[in-house]
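Before any comments, here is the structure.
The values are calculated or read from the model by the stated rules, or taken from the named source; none is laboratory data. Predicted model only: the values in this text are computed from it and were never measured. A quick note on method: Cβ atoms are made from the backbone with ideal geometry, for glycine too, and the neighbour counts reach across all protein chains shown.
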């Protein structure tokens, strides 16, 4: 390792904060303007417009941003993308290049002093590069030598379980399937992925209660819903095209309840960017009732609503609950009601921070509806009791019979564009027996059965030197994970770290004794193999598998596709394998044939994937079939409220994204929908809390997290007064990830609790 200081955290420098009025509505012309500006600056207008014309279109390429689905039958004339989708494409198709010459003139230590935004702006990586032990610069390496380095390192391990194989949610179905096959042929289930940090809690809760770890609704269901409840989610920034679906719900007479600690602009009013005639005026009102819940007060709030519904049901039996559905399809109703009666509304109210009259209004609205969709994201899944959060959501839907019918069901809104597909392809540290049986039958090898490491376990294994090789298929592992300094040390303990990437990011700078960066094709680029131009497939948030075909020529002749990189690693690492990896890469139909032979739901894959719009995977909950659960029925559950208690001068902090950000990719320094311009090191506080702490607007503070008598510090944040519940605060990640303890994780799912961090706030001396 170089003796030069390598910085794991973004620099503690301020960039010159400015403020603008928080807009009254989301999207509309400002969104179009922002998208076009990003495209013009990073790609060029002519090239960029051509790209956007093919984005999310049939026979086009899938957006590298979120996993929100496209309409089944039609695509928008003007655009089938959102502002952040355009930003994602601009980032991928950027004119900026990171070449071997760049690395020769920019040391790793110097690059680590830059912010994540500045690092990302450097551009696309053009050649495979390596850094050797003790050196401070990456240098070019041939693909053959890179693969041999990986193979030699893996073969030298005493046990296959000493290697970690991480996956981001942008990896295609074809690449993901090959990757998990390579890893399992190597002999381990160490396949952590980004789901471990986001919707793992959803998967656990939904599998237990409904028999499938995915949502049950389709996009069409939003056109028939009587009520949509959006809880713990900010679609205006994170899934903007979802606002169009919510707009359709409202247009057709449906209602919307929003539950969130922050009033997010996109959920209040919306101007359809696909319809210029709606850019003027106030925009379409979306939210009918806003419940501004305290951070981690969701179970308490849901229990109050459930108690109010139960009171109404007792007064008028059979009018509120769907007993026909309950009796035919569920187990545990009586125990659920008995447990519910042990709680009092009086003890639950303080956890919510919401006026009881508003909660009653919401309960009355829910009571009158039969077709209910509930949507959620990280605001529910990143708490100690996150599995409880989602199971309580399911309880509500079961009581109303709102599962397995048109216009109703569960809607966990996924982040990365193929994070759901990766899991379907077998990227999971806890594979099902049936999946491994199918792998063994098709590929004639003995698959490992011991469960592998998830993200948190993988970090701890590397930190404790029980794992010595890290390979990341996409993503920015360091900036996505908790406990930044702890994770950095874990990666630096490795003998070899490998990142398959399109662009430079901070994870490339925090590396093992040896490190490789393997540059791959982007989603927008043509993938040309021996049998011609190839396409890949992805699965969206609602279980639709469809094709994606790049339209641009590759940025560099030295780029390989993700499937080709996986095949290269496999050939170099597996000593005894009869599988012809090169043959699979010649034509991706060959990969899809293997997927079809292994994974249920992919029958006639190569034919159906060529249908415009793709095809739906089977979904038992959608079909009102709950036989895959352990009981064979949909299950009511008993769930715990938050056990967080705050001492005097303590606050709950949640990490959030800015509007100029998608996951760990930072497009700019603005958060337009919150009125913050040109700054990321901020903490949002309630003005009452600020006064009690003796703080004023723009005071510089240090943040200290408190967990099991451990303290972690994030320095130099600016205090911003904001409409947020008392004793609740919000900061951006990755800047605040250093405050998230590695051991602070959800029960059962092991997800880091990035939305429930106990902190104190300390004013810096001027």
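Summary table below
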| quantity | calculated |
| --- | --- |
| Test: residue 139 is assigned by TED's automatic domain parsing to the domain that holds residue 571, surrounded by fewer than 19 Cβ atoms within 10 Å (Cβ to Cβ) and within 30 Å of residue 266 (Cα to Cα) | no |
| Enumeration of residues in region 119-141 that are without any contact (Cβ under 8 Å) to a residue 40 or more places away in the chain and over 20 Å from residue 44 (Cα atoms) | 137, 139 |
| Residues of region 106-125 classified as within 27 Å of the chain's Cα centre (by Cα) and surrounded by 17 or more Cβ atoms within 10 Å (Cβ to Cβ), total | 13 |
| Tally of residues being in contact with a strand residue (DSSP E or B) (Cβ under 9 Å, 6 or more places away or on another chain) and without any contact (Cβ under 8 Å) to a residue 60 or more places away in the chain across region 158-204 | 1 |
| Number of the condition not met by residue 726 [criteria: (1) touching a strand residue (DSSP E or B) at 6+ places or on another chain (Cβ under 7 Å); (2) at negative phi; (3) in contact (Cβ under 8 Å) with a residue 40 or more places away in the chain] | (1) |
| Which numbered condition residue 148 fails, given (1) surrounded by fewer than 23 Cβ atoms within 10 Å (Cβ to Cβ); (2) in contact with a helix residue (DSSP H, G or I) (Cβ under 9 Å, 6 or more places away or on another chain); (3) closer than 29 Å to residue 87 by Cβ | (3) |
| Subset of region 546-576 [under 19 Å from residue 422 (Cα atoms) and at pLDDT 95 or above] | 561, 562, 563, 564, 565, 566, 567, 569, 570 |
| Hits in region 223-248 - residues which are under 23 Å from residue 70 (Cβ atoms), buried (at least 21 other Cβ atoms within 10 Å of the Cβ) and modelled with pLDDT of 95 or more | 225, 228, 230 |
| Residues of region 672-692 classified as part of a strand (DSSP E or B), closer than 22 Å to residue 24 by Cβ and either over 24 Å from the mean Cα position of the chain (by Cα) or not assigned by TED's automatic domain parsing to the domain that holds residue 656 (or both), total | 1 |
| Region 602-632: number of residues that are in a loop (DSSP other than H, G, I, E, B), within 25 Å of residue 566 (Cβ to Cβ) and either in the same structural domain as residue 394 (by TED's automatic domain parsing) or in contact (Cβ under 8 Å) with a residue 60 or more places away in the chain (or both) | 4 |
| Residue check, residue 496 in contact with a strand residue (DSSP E or B) (Cβ under 6 Å, 6 or more places away or on another chain) and closer than 24 Å to residue 565 by Cβ | yes |
| Scan of region 439-462 for residues that are free of Cβ contacts under 8 Å to residues at least 60 places away in the same chain and either surrounded by 19 or more Cβ atoms within 10 Å (Cβ to Cβ) or assigned to a helix (DSSP H, G or I) (or both), ordered by number | 440, 441 |
| Within region 347-423, helices (runs of 4 or more DSSP H) holding 3 or more residues that are in contact with a helix residue (DSSP H, G or I) (Cβ under 7 Å, 6 or more places away or on another chain) and in the same structural domain as residue 313 (by TED's automatic domain parsing) | 356-367, 386-399 |
| Criterion violated by residue 696 - all others in (1) free of Cβ contacts under 8 Å to residues at least 60 places away in the same chain; (2) under 21 Å from residue 114 (Cα atoms) satisfied | (2) |
| Which listed residue, of 103, 147, is within 31 Å of the chain's Cα centre (by Cα), without any contact (Cβ under 8 Å) to a residue 40 or more places away in the chain, in the same structural domain as residue 560 (by TED's automatic domain parsing) and in a helix (DSSP H, G or I) | 103 |
| For residue 384: the one exception among (1) farther than 23 Å from residue 226 by Cα; (2) buried (at least 24 other Cβ atoms within 10 Å of the Cβ) | (2) |
| Subset of region 428-438 (residues that are surrounded by 22 or more Cβ atoms within 10 Å (Cβ to Cβ) and within 12 Å of residue 599 (Cβ to Cβ)) | none |
| Qualifying residue in region 307-330 (condition: surrounded by fewer than 20 Cβ atoms within 10 Å (Cβ to Cβ), within 26 Å of residue 382 (Cα to Cα) and at pLDDT 95 or above) | yes |
| Filter result for residue 429 (over 30 Å from residue 371 (Cβ atoms), in a helix (DSSP H, G or I) and either modelled with pLDDT under 95 or outside the structural domain of residue 297 (by TED's automatic domain parsing) (or both)) | no |
| Options 33, 46, 21; residue that is at pLDDT 75 or above and either surrounded by fewer than 13 Cβ atoms within 10 Å (Cβ to Cβ) or in contact with a strand residue (DSSP E or B) (Cβ under 7 Å, 6 or more places away or on another chain) (or both) | 21 |
| Checklist (1) farther than 28 Å from residue 671 by Cα; (2) at pLDDT 95 or above; (3) more than 19 Å from the chain's Cα centre (by Cα) applied to residue 206, failing item | (3) |
